[in-house]
């Protein structure tokens, strides 16, 4: 791509050359003697006063005009006079009836007249076409051929005069008007053309001044002392003035050159301003269309280059530089393709470490074989935490309801931690869970239908104290055990794994909903979670006394993870299967609770919060706002946990 300075020099040279050529043409046209030229010594003007066949510029076209020329498009001003006459003149069909054939002497005159018309000798001399047609009419006043020929001669003369006036040749137009005066029936045309010639004589000095201003570089601007104002003044008087119209195009080209020069300096605001000014001068001209397309192409190229730089900076982790380049690209072209997608990537990089909300990912261990639990990226946002005063079944521990904003990206385990995942941790770390060191857990006794302590139950057992499969959620674990697991994950993945805060858990559980449960306000109409369903039965035929009416999930006790539907954020078993430990210490209300989603921790606290319903929870305990406090070393067949990771 050429340097801006080279472009400026080329455009300046081209513009100056155009101005010089236009100025030379106007000066030569209006003031030929400046160049020591006598107008009569050059190719003669279209004078028809002598009756001699002279080289005519436009009025000498043959009488027979090709129809393709007549129907040709603009500019009409540059067409031969015969074409203009044929296109604009309509022959009067109401000719008087001819009494007989033209006599031989009249035919001879008419043949001579036709030849003179064909040679461009239209009027002004005894042997011109108009004079010979008139002589024939004196002999035969009703000769159709003579009448039509004279009408054709008059039309050509009127067209030639109009053409000279349009081109600014007042002298030639004046000579031809004098010839037109000699033709009968030309009074109306003479009057109109005299008026047009007077207008030309009035605007000619204005044109000369505008050309001089253009040559001096005073192209446009405020006030009247510029070429644009001058040409507009001429066109206000003479809207069809061809010289002024061409002058406007020269002015527009100069303004368009300003637009292109501004683009070369990456000043697209100035370029847009110049394009707007040029559009006001001559809307939709070829030069306007060309310059607009060139500016658009350069705009695309510049904006695309900036966006590419922004992507490179983002890939390198330099978010501030990526944002800077993206803002510059948007300023150059707000609707640039790919800009919205990049902004989404930038937001995701800033909030979600280049993940996107809802994305599922799994971290590998850096020093061990294997992988951490699958995680789901939770979108940032705000929600009302706790229960409203009017919510049925709520308690004072769930109040006051308050707004919490999750402003930083966080990922939460797609499922509860399984027995298999916890076993991997115990084997690799040598950690001894509380169910082993302190002995047992509380489990469900199917025979009695109650929960009882079993000193032999460990984390390897299920809710009833039997060995658990690897895909079952781990239960019989304390808060201490859960904390030890997430600390181990953080160490061996190099990532910030931890237990979710209570606010994060409720926000993720709700999944953007505001109802009592994430699926609605009452009994679900499909198998959404492992809940206490009135249609469920234990092995011994027991049924729940306080359950969701008409609901059956097919399990009495925990189910393998991911056996049911995910909530709107893509999390499984978040409000059923097993309740879960979170990081917060227990507080019996939300007075002075954090509003930023962080965990509410008091150093040395002995009780922590358990959130979410379980396979044995009553419907009120499955509400999104439900919470309870439990000592950190308690183990239960109804409580497990899932992990969180900062992004």
Residue list for region 527-548, filter: at pLDDT 95 or above and either under 53 Å from the mean Cα position of the chain (by Cα) or at positive phi (or both): 527, 528, 529, 530, 531, 532, 533, 548
Residues of region 161-171 classified as part of a helix (DSSP H, G or I) and under 53 Å from the mean Cα position of the chain (by Cα), total: 6
Residue that is in contact with a helix residue (DSSP H, G or I) (Cβ under 9 Å, 6 or more places away or on another chain), surrounded by 23 or more Cβ atoms within 10 Å (Cβ to Cβ) and part of a helix (DSSP H, G or I), where the choices are 485, 507: 485
Residue list for region 396-434, restricted to those being farther than 26 Å from residue 645 by Cα and outside any loop (DSSP other than H, G, I, E, B): 396, 397
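Results for (1) in contact with a helix residue (DSSP H, G or I) (Cβ under 8 Å, 6 or more places away or on another chain); (2) assigned by TED's automatic domain parsing to the domain that holds residue 593; (3) in contact (Cβ under 8 Å) with a residue 24 or more places away in the chain, shown as yes or no for each residue.
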position	(1), (2), (3)
415	no, yes, yes
420	no, yes, yes
423	no, yes, yes
430	no, yes, no
435	yes, yes, yes
481	yes, yes, yes
Residues that are over 15 Å from residue 185 (Cβ atoms) and outside any helix (DSSP H, G or I), drawn from region 136-157: 140, 142, 143
Residues that are closer than 18 Å to residue 476 by Cα and within 51 Å of the chain's Cα centre (by Cα), drawn from region 582-607: 582, 583
Some residue of region 551-571 being modelled with pLDDT of 95 or more, under 25 Å from residue 536 (Cα atoms), surrounded by fewer than 17 Cβ atoms within 10 Å (Cβ to Cβ) and touching a strand residue (DSSP E or B) at 6+ places or on another chain (Cβ under 7 Å): yes
Of all residues making up region 572-585, the number that are in a loop (DSSP other than H, G, I, E, B) and surrounded by 24 or more Cβ atoms within 10 Å (Cβ to Cβ): 6
All positions within region 590-647 that are in a loop (DSSP other than H, G, I, E, B), in contact with a helix residue (DSSP H, G or I) (Cβ under 9 Å, 6 or more places away or on another chain) and farther than 30 Å from residue 465 by Cβ: 590, 593, 594, 595, 596, 597, 598, 599, 600, 624, 625, 647
Which listed residue, of 251, 234, is in a helix (DSSP H, G or I), surrounded by 19 or more Cβ atoms within 10 Å (Cβ to Cβ) and more than 35 Å from the chain's Cα centre (by Cα): 234
Qualifying position, being surrounded by 14 or more Cβ atoms within 10 Å (Cβ to Cβ) and at pLDDT 95 or above, among 264, 326: 326
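The values are calculated or read from the model by the stated rules, or taken from the named source; none is laboratory data. Quick caveat, the model's predicted, so the values are computed rather than measured. When we count neighbours, we look across all protein chains shown, and the Cβ atoms used for this are built from the backbone with ideal geometry, even at glycine.
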